[in-house]
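S.K.: Take a look at the following structure, please.
The values are calculated or read from the model by the stated rules, or taken from the named source; none is laboratory data. Keep in mind that this is a model prediction, so the values were computed, not measured. Every residue, glycine among them, receives a Cβ derived from its backbone with ideal geometry; neighbour counts consider all protein chains shown. Accessible surface areas use protein heavy atoms only, side chains included; no ligands, DNA or RNA. Shrake-Rupley method; radii C 1.70, N 1.55, O 1.52, S 1.80 Å.
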Amino acid sequence: MSKSISGFSKLSKSHKIDWIVATYFNKNENAKNIIKQYWNSNIKLQQLHDEFIENTITNYYLPFGVAPNFLINGKMHAIPMAIEESSVVAAASKAAKFWLERGGFKAEVLSTTKIGQVHFMFHGDFEVLNTFFKTIKPKLIEAAKPITKNMEKRGGGIIDIELRDKTKSIEGYFQLHATFETLDAMGANFINSCLEQFAKTFREEALDYDGFSQDEQSIDIIMSILSNYVPNCLVRAEVSCPVKDLTEDPSIDAKEFAKKFIQAVKIAEIEPFRAVTHNKGIMNGIDAVVLATGNDFRAVEAGVHAFASRNGSYSSLTHAKIENDTFYFWIEIPLALGTVGGLTSLHPLVKLALELLHNPTAKELMQIVAVAGLAQNFAALRSLTTTGIQEGHMKMHLMNILNQFEATEKEKATLIDHFKTHTATHSAVVEAIKSLRKP
Ligand code: HMG
């Protein structure tokens with residue numbers, strides 16, 4: 001049977017499923033049952049989810065967990081996290097509890113500017129183009145007023161538009177490089193609408209401009225789009241404490257631990273192979289909160305990793321030092337987040353997540369997300385430089401393996417107890433299940 005289809009998007013949901021099951025699952029009813037068992041019985045809620053994307057056939061659940069005990073700038077938070085990986089929420093919770101007893105996390109937003117660009121081709125004299133740009137810049141801003149007036153009332157809008165000459169990289173290539181303040185909105189739609197208006201006005205004004213030759217008048221707009229690289233939408237989060245307070249485990253010397261921890265961070269600063277994994281651990285925390293609060297984690301990921309490479313080599317997002325017998329550990333990351341618009345009022349669970357966080361402003365959410373990343377990194381590095389990662393990770397993963405073997409509640413209780421005193425590797429758990437089930 002041919003596997004291509006025309007008009008799939010126009011089929012009803014059940015016809016889409018029928019086609020998928022007939023074409024890819026040999027009409028196996030089990031496939032249909034799996035798809036349908038994730039449907040929500042609340043028809044209105046299901047329809048809402050169906051309409052978030054296109055060609056929806058079912059829902060894909062991620063666990064929604066909570067990491068309590070986060071003290072951030074003197075305010076307590078329970079942080080919502082949507083993630084599939086075991087041990088992440090536990091690690092965040094453990095780090096939160098640890099720092100709660102040491103003054104908590106301090107966070108501040110350093111800047112909030114976002115970027116958008118109109119990319120265009122112009123084959124003529126730069127000085128002529130620059131004079132034209134300066135003449136019509138007020139018109140570009142004026143023509144975007146219907147889009148910007150509400151944002152301006154709230155205190156945001158277009159900050160500036162620059163003309164950038166990129167002809168050293170590509171012949172004839174220029175940009176309108178615009179900066180925006182979008183306040184509590186992530187701002188993608190706002191920025192893209194402004195940029196498309198700039199492009200339209202720019203091209204129209206060029207056609208009427210006397211200073212251009214006939215050839216110069218035909219400015220060729222390539223595209224108008226925001227940038228997810230936001231190095232000037234930056235947040236910093238930090239923890240610190242006297243070195244002697246850095247461990248509660250008497251078998252670990254605090255000074256030794258601090259030294260090892262800082263070495264681990266330094267390695268991630270200079271070694272890209274380590275930095276990628278180090279930052280992945282940070283993104284465990286960041287993505288989970290970004291997702292739970294209905295934000296665009298792909299945009300955040302792309303921007304954060306570009307920032308991690310800003311000095312020409314991929315490097316750690318966190319840093320650590322000891323000064324005057326005090327241990328300092330901090331992160332600086334770019335985060336373009338919204339607490340209004342998008343999914344924030346549309347998705348009931350996203351709305352609940354924001355309520356749980358006391359309905360933060362975008363700036364407050366930036367701080368909370370940065371803290372989640374820092375806490376995650378602290379937990380991972382503490383494990384890595386002491387017990388090794390597997391001990392805690394496998395302790396948390398134990399339940400996944402038990403579920404895979406369809407362990408009964410009684411079996412689970414026995415094996416959880418057993419692995420409190422035994423190392424939980426995958427094979428050790430499988431062996432233990434087998435031996436428990438031996439007649
Ligand atoms: P533990 O000391 O065995 O935990 O740590 P505990 O049972 O003594 O409990 C202490 C606290 O930890 C609890 O306090 C919780 O806050 C939390 P309580 O609630 O009892 O007052 N906690 C839990 N929270 C929720 N559910 C649980 C739970 N268990 C403990 N079941 C732990 C165990 C896993 C926390 C610790 O070993 C740890 O932090 N490990 C690090 C795990 C980690 O980083 N996981 C991320 C995935 S690995 C990865 O992908 C990234 C990596 O490659 C990054 C890198 O290389 O840098 C590692």
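S.K.: For a 22 Å ceiling on Cα separation, which of these pairs sit above it: Lys244/Lys420; Lys75/Lys321; Lys36/Lys412; Lys75/Lys351; Lys260/Lys321; Lys412/Lys438?
M.R.: Flagged as over cut-off: Lys244/Lys420; Lys75/Lys321; Lys36/Lys412.
S.K.: A follow-up question, please. Based on the mean of other Cβ atoms within 10 Å per residue, sort peptides 82-89, 376-383 so the most packed one is first.
M.R.: 376-383, 82-89
S.K.: Right, next: Which residue, His397, Gly172, Ile136, has the largest displacement toward the positive end of the dipole of the chain when charges sit on each Cβ (Lys, Arg +1; Asp, Glu -1)?
M.R.: My answer, from the dipole projection, is His397.
S.K.: Follow-up question, since we're still on this one. What percentage of the solvent-accessible surface of the stretch 393-437, computed with a 1.4 Å probe over protein heavy atoms, is contributed by carbon and sulfur atoms?
M.R.: 55 percent
S.K.: Pop out the carbon and sulfur fraction of the accessible area of the stretch 161-317 as a percent, whole number, probe 1.4 Å.
M.R.: 51 percent
S.K.: Distance from the Cα centre of the stretch 421-439 to that of the stretch 59-93, in angstrom?
M.R.: 30 Å
S.K.: Let me ask you something else. On a 0 to 90° scale, report how tilted helix 297-308 is relative to the longest principal axis of the chain, with both axes built from alpha carbons and the result rounded to the nearest 10.
M.R.: 80 degrees
S.K.: Does anyone have the angle between helix 188-208 and the longest principal axis of the chain? Alpha-carbon axes, 0 to 90°, nearest 10?
M.R.: The angle comes out at about 20 degrees.
S.K.: Next up: Compute from the Cα atoms of the stretch 8-50 the Rg and the Dmax, the latter being the longest Cα-Cα distance, and quote both in angstrom.
M.R.: Cα only, the stretch 8-50: 11.2, 31 Å (Rg, Dmax).
S.K.: Additional query: For the stretch 7-87, evaluate the Debye formula with one uniform point scatterer on each Cα (no solvent term) and list log10 I(q)/I(0) at q = 0.13, 0.18 Å⁻¹, rounded to two decimals.
M.R.: -0.59, -0.86
S.K.: Right, something else. Along the stretch 320-333, what does the Karplus equation 6.51 cos²θ - 1.76 cosθ + 1.60 (θ = phi - 60°) give for ³J(HN,Hα), rounded to whole Hz, x for Gly and Pro?
M.R.: 8, 7, 10, 9, 6, 6, 10, 8, 10, 9, 8, 9, 10, 9
S.K.: What's the percent breakdown of Cα-Cα distances in the stretch 137-220 across 10 Å bins, shortest bin first?
M.R.: 16, 44, 28, 11, 1
S.K.: Sticking with this one: Students often forget the sequence filter, so: which lysines lie under 18 Å Cα-Cα from Lys139 once same-chain residues fewer than 8 apart are removed?
M.R.: Output for Lys139: Lys149, Lys200.
S.K.: Using 0.36 nm per residue, how much length does the chain from His358 to Glu411 gain when fully extended, once their Cα-Cα distance is taken away?
M.R.: On the way: separation 53, 0.36 × 53 = 19.08 nm, distance 4.05 nm.
That pair, His358 and Glu411, stretches by 15.0 nm at full extension.
S.K.: Could you point to the residue in Thr23, Ile219, Ile158 farthest towards the positive end of the chain's charge dipole, with +1 and -1 charges on the Cβ of Lys/Arg and Asp/Glu respectively?
M.R.: Ranked along the dipole, the leading option is Thr23.
S.K.: OK, next. Given a 1.4 Å probe, how much area per residue of the chain is accessible, in Å²?
M.R.: 53 Å²
S.K.: Report, in debye and to the nearest 20, how large the dipole of the stretch 8-50 comes out about its Cα centre when Lys and Arg carry +1 and Asp and Glu carry -1 on their Cβ.
M.R.: My answer is approximately 80 debye.
S.K.: To continue, here is another question. Between Leu337 and residues 5 or more places away or on another chain, which pairs have amide H atoms under 5 Å apart, with H built 1.01 Å from N, and which residues are they?
M.R.: none
S.K.: Using C-alpha positions alone, give me the convex hull volume of the chain per residue in cubic angstrom.
M.R.: Values: hull volume 95.9 nm³, N = 439.
So the per-residue Cα hull volume is 218 Å³.
S.K.: For the chain, set up a GNM with springs between Cα atoms under 10 Å and report which of Phe64, Phe126, Phe307 has the largest fluctuation.
M.R.: Of the options given, Phe126 has the highest mean-square fluctuation.
S.K.: If you roll a 1.4 angstrom probe over the protein chains with everything in place, what fraction of the accessible area of the stretch 8-50 belongs to carbon and sulfur, to the nearest %?
M.R.: For the stretch 8-50, the apolar C and S fraction of the accessible surface comes to 53 percent.
S.K.: Same structure again: What is the angle, in °, between the Cα long axis of helix 126-143 and the longest principal axis of the Cα atoms in the chain? Nearest 10 is fine, range 0 to 90.
M.R.: The two axes meet at around 70 degrees.
S.K.: Give a residue-ordered list of calculated ³J(HN,Hα) values for the stretch 239-252 (Karplus: 6.51 cos²θ - 1.76 cosθ + 1.60, θ = phi - 60°; whole Hz; x for Gly, Pro).
M.R.: With the stated coefficients, the stretch 239-252 comes to 10, 7, 6, x, 3, 5, 8, 7, 9, 9, 8, x, 7, 10 Hz.
S.K.: May I ask for the distance between the Cα centers of the stretch 188-258 and the stretch 297-369, given as a whole number of Å?
M.R.: So the separation of the two Cα centres works out to 14 Å.
S.K.: So, one more: Express as a percent, rounded to the nearest 5, the fraction of DSSP beta bridges in the stretch 1-123 (both residues included) that run antiparallel.
M.R.: Once the DSSP bridges in the stretch 1-123 are tallied, antiparallel ones form about 90 percent.
S.K.: So if I place +1 on the C-beta of Lys and Arg and -1 on the C-beta of Asp and Glu, and nothing else carries charge, what would the dipole magnitude of the chain be about its Cα centre? I want it in debye, nearest 20. Kindly include the intermediate steps, with their values, before the conclusion.
M.R.: Values: 47 positive and 49 negative charges, 297 e Å.
Its charge dipole is roughly 1420 debye.
S.K.: Another one. For the stretch 105-199, which trypsin sites (Lys or Arg not before Pro) are both in a DSSP coil and crowded by at most 16 other Cβ atoms within 10 Å?
M.R.: Details: sites: Lys106, Lys114, Lys134, Lys139, Lys149, Lys153, Arg154, Arg164, Lys166, Lys168; in loops: Arg154, Lys166, Lys168.
The qualifying sites are Arg154, Lys166, Lys168.
S.K.: Run the dipole for the stretch 114-226 about the Cα centre, Lys and Arg Cβ at +1, Asp and Glu Cβ at -1, nothing else charged, and hand back the magnitude in debye, nearest 20. Walk me through the intermediate numbers first.
M.R.: Working: 13 positive and 18 negative charges, 117 e Å.
Dipole magnitude for the stretch 114-226 comes out near 560 debye.
S.K.: Near Lys32, which lysines are there with a Cα under 21 Å away, not counting those fewer than 8 places off in the same chain?
M.R.: Lys3, Lys10, Lys13, Lys16
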